[in-house]
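Participant: Before we start, here is the structure in question, set down as structure tokens.
Throughout, read-outs are computed from the coordinates displayed, never taken from laboratory work. For clarity, every value in this text was computed on a predicted model and none was experimentally measured. For neighbour counting, all protein chains shown are included, and Cβ atoms are generated from backbone atoms with ideal geometry for every residue, glycine included.
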Amino acid sequence: MDSKEVLRLFMLEFSENLKKVRESKFKSMDQVAQNSAFDSSNYNKFENGKGNPTIETMLKMSSAFGISPKDLFNFEFDITKYKIDE
């Protein structure tokens, strides 16, 4: 499988978890923007699986949500199911 396709699948799982985390702390994406260094459109792309956040961005997310960075990855993704061609 193409590595970009595996990344897309991973980011879909990441974004679903990110939404769960956000909903446990804030009702809306606008509240994230009001309580952190993110504007809602920038944060929106991560929650919709369209962006690829840097480590720095993930640390900012963790800080805004008051969670450990590892909690952003609290979801199942079995990489052994995929043979990456690239």
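Participant: Condition (residue is farther than 30 Å from I84 by Cβ and among the charged types (D, E, K, R)) applied to region 33-45: is it met by at least one residue?
Facilitator: Scanning region 33-45, I find at least one residue that is farther than 30 Å from I84 by Cβ and among the charged types (D, E, K, R), so the answer is yes.
Participant: Then there's this: Quick one: count up the residues across region 66-86 that are among the polar types (S, T, N, Q) and either exposed (fewer than 10 other Cβ atoms within 10 Å of the Cβ) or over 14 Å from R22 (Cβ atoms) (or both).
Facilitator: 2
Participant: Out of the residues in region 25-47 meeting the condition of being part of a helix (DSSP H, G or I), touching a residue at least 24 places away in the same chain (Cβ under 8 Å) and not hydrophobic (A, V, I, L, M, F, W, C), tell me which one is surrounded by the most Cβ atoms within 10 Å (Cβ to Cβ).
Facilitator: Looking at the filtered set, the residue picked out is E47.
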